[in-house]
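Chemist: What follows is a structure written as C-alpha coordinates; I'll ask about it next.
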Amino acid sequence: MIEVDRIRKSFGRTLAVDDVSFKVDDGEIYGLLGPNGSGKSTTLKIITGMLYSMRGRVVIDNVDVEMEPNRAKQIIGYVPESTDLYDSLTPVDLFNMIGSIRGIPSSRLQSRARYFIDAFKIDRYLNQYIGTLSFGNKQKVSIISALLHDPSVIIMDEAMNGLDPKMARILREILFEYKNRGKSIVFSTHVLPLAEMICDRLGLINEGRIIAEGTIDELKEKSRQSNIEDVFLELTESKDEVYSVVEALKNNG
(Lines give C-alpha, C1' and ligand atoms only; values in the text may rest on other atoms or scores of the structure.)
Protein backbone atom coordinates (compact mmCIF):
# COMPACT_ATOMS: atom_id res chain seq x y z
CA MET A 1 0.00 0.00 0.00
CA ILE A 2 1.10 3.54 -0.77
CA GLU A 3 -0.16 6.45 1.31
CA VAL A 4 0.71 9.97 0.18
CA ASP A 5 -0.41 12.55 2.72
CA ARG A 6 -0.35 16.29 1.92
CA ILE A 7 3.12 16.46 0.41
CA ARG A 8 4.49 19.79 -0.75
CA LYS A 9 7.63 20.72 -2.69
CA SER A 10 9.05 23.99 -4.03
CA PHE A 11 12.02 24.78 -6.24
CA GLY A 12 12.91 28.35 -5.48
CA ARG A 13 9.73 30.35 -5.98
CA THR A 14 8.09 27.61 -8.03
CA LEU A 15 5.61 25.48 -6.11
CA ALA A 16 5.83 22.14 -7.93
CA VAL A 17 3.70 19.99 -5.61
CA ASP A 18 1.01 21.55 -3.45
CA ASP A 19 -0.76 19.51 -0.76
CA VAL A 20 -0.98 16.28 -2.79
CA SER A 21 -2.66 13.28 -1.18
CA PHE A 22 -3.76 9.90 -2.52
CA LYS A 23 -3.69 6.22 -1.59
CA VAL A 24 -2.90 3.13 -3.66
CA ASP A 25 -4.17 -0.17 -2.30
CA ASP A 26 -2.48 -3.53 -2.60
CA GLY A 27 -3.33 -5.06 -5.97
CA GLU A 28 -4.15 -1.70 -7.56
CA ILE A 29 -2.72 0.23 -10.50
CA TYR A 30 -3.08 3.96 -9.92
CA GLY A 31 -2.58 6.30 -12.86
CA LEU A 32 -1.10 9.74 -12.27
CA LEU A 33 -1.97 12.00 -15.20
CA GLY A 34 -1.32 15.66 -15.89
CA PRO A 35 0.05 18.18 -18.38
CA ASN A 36 3.78 18.78 -18.75
CA GLY A 37 5.08 20.57 -15.68
CA SER A 38 2.08 19.63 -13.55
CA GLY A 39 4.12 17.99 -10.78
CA LYS A 40 3.87 14.30 -11.74
CA SER A 41 7.57 13.45 -11.80
CA THR A 42 8.29 15.48 -8.66
CA THR A 43 5.52 13.62 -6.84
CA LEU A 44 6.92 10.26 -7.94
CA LYS A 45 10.45 11.23 -6.85
CA ILE A 46 9.11 12.14 -3.40
CA ILE A 47 7.38 8.76 -3.17
CA THR A 48 10.63 6.97 -4.01
CA GLY A 49 12.69 9.06 -1.59
CA MET A 50 14.74 10.73 -4.31
CA LEU A 51 13.39 14.08 -3.17
CA TYR A 52 12.21 15.14 0.27
CA SER A 53 8.94 16.96 0.70
CA MET A 54 8.75 20.20 2.65
CA ARG A 55 5.82 18.84 4.61
CA GLY A 56 3.53 15.82 4.66
CA ARG A 57 4.63 12.20 4.50
CA VAL A 58 4.73 9.13 2.31
CA VAL A 59 4.24 5.66 3.79
CA ILE A 60 4.71 2.48 1.75
CA ASP A 61 3.91 -0.89 3.34
CA ASN A 62 4.04 0.77 6.77
CA VAL A 63 7.48 2.26 6.08
CA ASP A 64 7.86 6.05 6.31
CA VAL A 65 9.94 6.96 3.25
CA GLU A 66 11.61 9.97 4.85
CA MET A 67 12.25 8.36 8.24
CA GLU A 68 13.50 5.02 6.84
CA PRO A 69 14.75 5.78 3.30
CA ASN A 70 17.01 2.74 2.94
CA ARG A 71 14.30 0.33 4.06
CA ALA A 72 11.83 2.02 1.72
CA LYS A 73 14.16 1.69 -1.26
CA GLN A 74 14.39 -2.05 -0.63
CA ILE A 75 10.70 -2.51 -1.44
CA ILE A 76 10.38 0.03 -4.28
CA GLY A 77 10.99 -0.56 -7.98
CA TYR A 78 11.31 2.73 -9.86
CA VAL A 79 11.46 3.46 -13.58
CA PRO A 80 12.28 7.18 -14.03
CA GLU A 81 11.14 9.33 -16.93
CA SER A 82 14.72 9.63 -18.20
CA THR A 83 16.88 6.53 -18.57
CA ASP A 84 19.90 7.68 -16.56
CA LEU A 85 21.95 4.48 -16.58
CA TYR A 86 25.67 3.73 -16.36
CA ASP A 87 26.72 4.12 -19.98
CA SER A 88 30.11 2.46 -19.41
CA LEU A 89 28.54 -0.74 -18.07
CA THR A 90 26.92 -3.54 -20.02
CA PRO A 91 23.41 -4.72 -19.05
CA VAL A 92 24.99 -7.84 -17.50
CA ASP A 93 27.31 -5.65 -15.42
CA LEU A 94 24.39 -3.50 -14.30
CA PHE A 95 22.16 -6.43 -13.34
CA ASN A 96 24.98 -8.03 -11.35
CA MET A 97 25.70 -4.74 -9.59
CA ILE A 98 22.02 -4.36 -8.68
CA GLY A 99 21.94 -7.93 -7.40
CA SER A 100 24.96 -7.25 -5.22
CA ILE A 101 23.61 -3.97 -3.83
CA ARG A 102 20.18 -5.44 -3.13
CA GLY A 103 21.51 -8.71 -1.75
CA ILE A 104 19.69 -10.89 -4.26
CA PRO A 105 20.99 -14.50 -4.07
CA SER A 106 22.93 -15.41 -7.21
CA SER A 107 20.60 -18.19 -8.35
CA ARG A 108 17.56 -15.95 -7.79
CA LEU A 109 19.20 -13.07 -9.67
CA GLN A 110 20.09 -15.26 -12.62
CA SER A 111 16.59 -16.74 -12.94
CA ARG A 112 14.84 -13.39 -12.66
CA ALA A 113 17.27 -11.69 -15.04
CA ARG A 114 16.83 -14.50 -17.58
CA TYR A 115 13.05 -14.19 -17.41
CA PHE A 116 13.13 -10.46 -18.19
CA ILE A 117 15.93 -10.77 -20.76
CA ASP A 118 13.82 -13.27 -22.68
CA ALA A 119 10.62 -11.28 -22.19
CA PHE A 120 12.11 -8.04 -23.54
CA LYS A 121 14.32 -9.68 -26.18
CA ILE A 122 17.62 -8.06 -25.19
CA ASP A 123 19.83 -11.16 -25.19
CA ARG A 124 21.92 -9.89 -28.11
CA TYR A 125 22.69 -6.62 -26.30
CA LEU A 126 23.76 -8.05 -22.93
CA ASN A 127 27.47 -7.47 -23.48
CA GLN A 128 27.24 -4.13 -25.27
CA TYR A 129 27.90 -0.90 -23.41
CA ILE A 130 24.64 0.67 -22.31
CA GLY A 131 25.75 3.98 -23.82
CA THR A 132 25.67 2.39 -27.29
CA LEU A 133 22.10 1.08 -27.01
CA SER A 134 19.05 2.64 -28.63
CA PHE A 135 16.62 4.58 -26.47
CA GLY A 136 14.14 1.71 -26.57
CA ASN A 137 16.70 -0.86 -25.43
CA LYS A 138 17.91 1.46 -22.66
CA GLN A 139 14.30 1.68 -21.52
CA LYS A 140 14.05 -2.10 -21.39
CA VAL A 141 17.24 -2.25 -19.29
CA SER A 142 15.79 0.41 -16.96
CA ILE A 143 12.56 -1.57 -16.53
CA ILE A 144 14.42 -4.81 -15.84
CA SER A 145 16.66 -3.04 -13.32
CA ALA A 146 13.59 -1.82 -11.44
CA LEU A 147 11.95 -5.24 -11.25
CA LEU A 148 14.89 -7.58 -10.57
CA HIS A 149 14.39 -7.59 -6.79
CA ASP A 150 10.64 -8.32 -7.05
CA PRO A 151 9.50 -5.07 -5.37
CA SER A 152 6.17 -4.84 -3.57
CA VAL A 153 5.71 -1.23 -4.73
CA ILE A 154 6.32 -0.23 -8.36
CA ILE A 155 6.61 3.38 -9.55
CA MET A 156 6.72 3.94 -13.31
CA ASP A 157 7.16 7.37 -14.87
CA GLU A 158 6.43 7.20 -18.62
CA ALA A 159 7.78 3.64 -18.68
CA MET A 160 6.27 2.89 -22.11
CA ASN A 161 8.43 5.55 -23.80
CA GLY A 162 10.54 4.02 -26.56
CA LEU A 163 8.83 0.62 -26.48
CA ASP A 164 7.34 -0.79 -29.66
CA PRO A 165 3.74 -2.11 -29.50
CA LYS A 166 4.84 -5.69 -28.77
CA MET A 167 7.13 -4.70 -25.91
CA ALA A 168 4.52 -2.30 -24.54
CA ARG A 169 2.02 -5.15 -24.50
CA ILE A 170 4.50 -7.39 -22.69
CA LEU A 171 5.09 -4.73 -20.02
CA ARG A 172 1.34 -4.27 -19.66
CA GLU A 173 0.84 -7.98 -19.07
CA ILE A 174 3.68 -8.02 -16.52
CA LEU A 175 2.01 -5.16 -14.64
CA PHE A 176 -1.30 -7.02 -14.64
CA GLU A 177 0.47 -10.08 -13.20
CA TYR A 178 2.05 -7.95 -10.48
CA LYS A 179 -1.33 -6.44 -9.73
CA ASN A 180 -2.81 -9.93 -9.36
CA ARG A 181 -0.03 -10.74 -6.90
CA GLY A 182 -1.11 -7.83 -4.69
CA LYS A 183 1.53 -5.25 -5.55
CA SER A 184 0.83 -1.50 -5.46
CA ILE A 185 1.64 0.29 -8.72
CA VAL A 186 1.73 3.97 -9.68
CA PHE A 187 1.82 4.46 -13.44
CA SER A 188 2.36 7.89 -14.95
CA THR A 189 1.77 8.38 -18.68
CA HIS A 190 0.81 10.97 -21.28
CA VAL A 191 -0.93 8.30 -23.37
CA LEU A 192 -4.52 8.61 -22.19
CA PRO A 193 -5.94 5.48 -23.86
CA LEU A 194 -3.12 3.51 -22.24
CA ALA A 195 -4.04 4.87 -18.83
CA GLU A 196 -7.65 3.89 -19.44
CA MET A 197 -6.55 0.39 -20.44
CA ILE A 198 -4.20 -0.21 -17.51
CA CYS A 199 -5.30 1.77 -14.48
CA ASP A 200 -7.95 0.95 -11.88
CA ARG A 201 -8.14 4.56 -10.71
CA LEU A 202 -6.72 7.84 -11.94
CA GLY A 203 -5.50 10.97 -10.21
CA LEU A 204 -5.39 14.09 -12.36
CA ILE A 205 -2.74 16.57 -11.26
CA ASN A 206 -2.53 20.14 -12.52
CA GLU A 207 -0.35 22.99 -11.28
CA GLY A 208 0.87 20.79 -8.45
CA ARG A 209 -2.55 19.80 -7.09
CA ILE A 210 -4.78 16.75 -7.47
CA ILE A 211 -7.85 18.20 -9.15
CA ALA A 212 -9.83 15.01 -9.66
CA GLU A 213 -9.60 11.37 -8.69
CA GLY A 214 -11.59 8.23 -9.36
CA THR A 215 -12.28 5.44 -11.78
CA ILE A 216 -12.63 6.20 -15.48
CA ASP A 217 -16.42 6.04 -15.21
CA GLU A 218 -16.45 8.33 -12.17
CA LEU A 219 -14.29 10.92 -13.94
CA LYS A 220 -16.44 10.76 -17.07
CA GLU A 221 -19.53 11.36 -14.97
CA LYS A 222 -17.92 14.22 -13.07
CA SER A 223 -16.76 16.00 -16.22
CA ARG A 224 -19.80 15.00 -18.31
CA GLN A 225 -17.50 13.72 -21.07
CA SER A 226 -17.67 10.44 -22.96
CA ASN A 227 -13.96 9.68 -23.49
CA ILE A 228 -10.80 9.95 -21.43
CA GLU A 229 -9.16 12.56 -23.68
CA ASP A 230 -12.08 14.95 -23.27
CA VAL A 231 -12.16 14.20 -19.53
CA PHE A 232 -8.51 15.22 -19.27
CA LEU A 233 -8.95 18.40 -21.33
CA GLU A 234 -12.09 19.41 -19.47
CA LEU A 235 -10.70 18.89 -15.98
CA THR A 236 -7.38 20.59 -16.77
CA GLU A 237 -9.25 23.46 -18.45
CA SER A 238 -7.39 22.84 -21.70
CA LYS A 239 -10.30 22.16 -24.03
CA ASP A 240 -10.98 25.76 -25.04
CA GLU A 241 -7.28 26.30 -25.70
CA VAL A 242 -7.15 23.29 -28.03
CA TYR A 243 -10.17 24.52 -29.97
CA SER A 244 -8.73 28.04 -30.26
CA VAL A 245 -5.51 26.65 -31.74
CA VAL A 246 -7.49 24.65 -34.29
CA GLU A 247 -9.62 27.65 -35.21
CA ALA A 248 -6.54 29.82 -35.62
CA LEU A 249 -5.03 27.22 -37.94
CA LYS A 250 -8.20 27.15 -40.02
CA ASN A 251 -8.27 30.92 -40.26
CA ASN A 252 -4.65 31.04 -41.38
CA GLY A 253 -4.82 28.06 -43.72
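Chemist: Which is touching a residue at least 24 places away in the same chain (Cβ under 8 Å) and among the hydroxyl-bearing types (Ser, Thr, Tyr), of Ser100, Ser106, Ser38?
Modeler: After applying the criteria, what remains is Ser38.
Chemist: State all residues of the stretch 1-19 that are in contact (Cβ under 8 Å) with a residue 60 or more places away in the chain, farther than 15 Å from Gly37 by Cα and surrounded by 22 or more Cβ atoms within 10 Å (Cβ to Cβ); if no residue qualifies, say none.
Modeler: Ile2
Chemist: Can you find a residue that is buried (at least 20 other Cβ atoms within 10 Å of the Cβ) and modelled with pLDDT under 90 anywhere in the stretch 170-192?
Modeler: yes
Chemist: Looking only at helices (runs of 4 or more DSSP H) that lie completely in the stretch 68-143, which have at least 2 residues being outside the structural domain of Leu32 (by TED's automatic domain parsing) and over 25 Å from Leu44 (Cα atoms)?
Modeler: Once the helices (runs of 4 or more DSSP H) in the stretch 68-143 are filtered for at least 2 residues that are outside the structural domain of Leu32 (by TED's automatic domain parsing) and over 25 Å from Leu44 (Cα atoms), what remains is 91-102, 106-120.
Chemist: Give Ile47, Ile29 a once-over and let me know the one that is assigned to a helix (DSSP H, G or I) and in contact (Cβ under 8 Å) with a residue 12 or more places away in the chain.
Modeler: Unique residue meeting the criteria: Ile47.
The values are calculated or read from the model by the stated rules, or taken from the named source; none is laboratory data. Because the structure is predicted, anything quoted here is derived from the model rather than measured. Virtual Cβ from ideal backbone geometry, glycine too; neighbours counted across all protein chains shown.
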